[in-house]
Structure formats: C-alpha cells, structure tokens
C-alpha cells in the first residue's frame, strides 16, 4: 500500500531503523484499560499477543538503539467490534532518544502531512493548525473542575455527582476521571479541527515522564474530531517508579477480574539505560487512513474486513 511505503520512507530518510518484535509474549501490556488476546501454548502455558510493541522496543533502546520504528500488526481483545475498534489492526510505533514530547508533536505533524500528501488529500482538519489543549484547562472550561490532577478520589466523586455523572461506591480515582472525561471532554472536541490533548494526570500516564511539579505527565494524544489517532509520551526511564506503576496496574486488573500477567523484569532491568529524554508514539494506521480518506469505518480501508472474515458483525 502506498501509505505504508510513505511511512517507511519518512522514517528511513530520518535515520530510523525498522525493527521486528515478537508478537507472542509472556508479559503483554499491563494497562487495565486494555485486554490482551490470550493464547495458551502447550510448551509454555499462558501467554498473549502484543497490544503494542512498546516493551520490546524499549528493551532495544536500553541496548543502545536510538531511532527505531515498527509498522505491523497488534492485537486487542475488544469486547465489541465497531467502526473504530477491531481486534487486529496496524500500528506504527516509533522512538527517538534525545527529544521530548514537544519535539514529538512536530514530528507527528510532519508524518501526518507526508501521508496526506501521498494520498493526494488537500482539504482535511488534520492539515490545518492543530488545536492544543491541556487536560487541566479543558476540565475547567467544560466541567468547571479545576486542579484535576490534584483532586482526591472523594473530590472527583463529589464533582461527578454534581454533574449528574454515574458513580459507584467502588469507583477508583481513574474510574471517576474517565467518566468525567467521557461525559464532558471527548464528546465536545472540535469536529472542525484536529486537537492535541496533553499533560495528563499521572495516574493516566503510567509509562510517561512526570512534568515539573510531578502532578501531570508528558503525554499527548492526537484526535481528528473525537477519533483518537495516537498516544505519545516522553518516556519514563526510572525503573523503581515504573515497577510501582506496573504493580498498581496489576492490582487494578485483579480488581476488575482481568487476567494478570508477569511483570516484564527484563524491561525494568534495561529501562535505566534508556536515555532521558526519549520520545515514543503509537499511532493507529488504519484510523489515520480512514479519517484522511473520509471513511466512516476501518473496514472501508481494509482488504480483508472482519465482517467478511467472521460474518456479519
């Protein structure tokens, strides 16, 4: 496909090395919001297909590689397949040492413009100036909730009740943040512009470096309308902090009744060798092509749509 060739050219021209990663691993992403696609091996037992190549790529950074990218399949066990969610999709993930998420925003924009040019797209919100919004500011503007990163779980519970957002006694801080976000932030993103949301509260950025002050993290997401296209960070390289975040995620998986996989000890051993700063970004290629070409569903740009493979979804 022409777009994939352009993506590869974009990175190789900038000195990046394309790499392969194992698709089947013992320790997939531990993020409780994701559901790895489990596989049971006769020789090993429990394992899973990767939700992202991130862990393997960071190991390569820890071994001395500096500019790498992966363009290939990843898997997530989505409960429901729809226009923007399928279980097997194409991800572009890249890392560059020596730059942070601010430089990464510019790099991401250059990539999107290169893909749009290859597809001969001349009019699209992604080609215009991107609207930059700090998460903290949006919570004030849209919900009247200030200092979102400093609020306690009980304070978020009170704010959710005030706004008529569903709550439950078992809700965690992250549960309440996400409900508020889905209630007043994401649905109100501009349909006319692309939006970059950045500086998420630390509990929403387990793999990202903290901002000065330690309340927020150097994470951004790019949206076309309400469609999330990428998730990017200045990478966290402190193994002690990363272990504590992994352990917190494991506890949350247990609370939610989700599978719990072993912590990737090799990653934690190599993490301190990753230069600080290092920028990383994971971008959904199917979604990017869908939105640039004006499709209404990921199936519009796939040669083998899931509905044909698995019947009417």
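The values are calculated or read from the model by the stated rules, or taken from the named source; none is laboratory data. Computed from a predicted model, the values in this text were never measured in an experiment. Heads up, the Cβs are rebuilt from the backbone with ideal geometry, glycines too, and the neighbour counts pull from every protein chain shown.
With the condition being closer than 14 Å to residue 282 by Cα, I'd like the strands (runs of 3 or more DSSP E) fully within the stretch 55-143 carrying at least 1 qualifying residues. Please lay out each step first, then the result.
On the way: elements: 67-75, 88-97, 131-134.
Because the criterion is at least 1 residues that are closer than 14 Å to residue 282 by Cα, the strands (runs of 3 or more DSSP E) in the stretch 55-143 that meet it are 67-75, 88-97.
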Seminar exercise, completed: The number of residues in the stretch 190-211 that are at pLDDT 95 or above and either assigned to a loop (DSSP other than H, G, I, E, B) or surrounded by fewer than 16 Cβ atoms within 10 Å (Cβ to Cβ) (or both) is 2
For this session: Looking for whichever is touching a strand residue (DSSP E or B) at 6+ places or on another chain (Cβ under 7 Å), under 26 Å from residue 256 (Cα atoms) and at pLDDT 95 or above here; the options are 164, 149. Which one fits?
Result: 149
Exercise. Taking the stated definitions as given, is residue 220 assigned to a strand (DSSP E or B), under 18 Å from the mean Cα position of the chain (by Cα) and either touching a residue at least 40 places away in the same chain (Cβ under 8 Å) or surrounded by fewer than 21 Cβ atoms within 10 Å (Cβ to Cβ) (or both)?
Worked result: yes
Seminar exercise, completed: Flagged in the stretch 100-110 as more than 17 Å from the chain's Cα centre (by Cα) and either within 18 Å of residue 9 (Cα to Cα) or crowded, with 17+ Cβ neighbours inside 10 Å (or both), in numbering order, are 106, 110
Problem set entry | Any chance residue 213 is at positive phi and out of contact with any helix residue (DSSP H, G or I) (no Cβ under 8 Å at 6 or more places or on another chain) | yes
Problem set entry | Counted residues, the stretch 232-248 - those being touching a residue at least 12 places away in the same chain (Cβ under 8 Å) and either in a helix (DSSP H, G or I) or over 19 Å from residue 276 (Cα atoms) (or both) | 7
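Residue under question is residue 235, and the condition is that it be surrounded by 19 or more Cβ atoms within 10 Å (Cβ to Cβ), under 17 Å from residue 58 (Cβ atoms) and in contact with a helix residue (DSSP H, G or I) (Cβ under 6 Å, 6 or more places away or on another chain); does it hold?
No, not satisfied.
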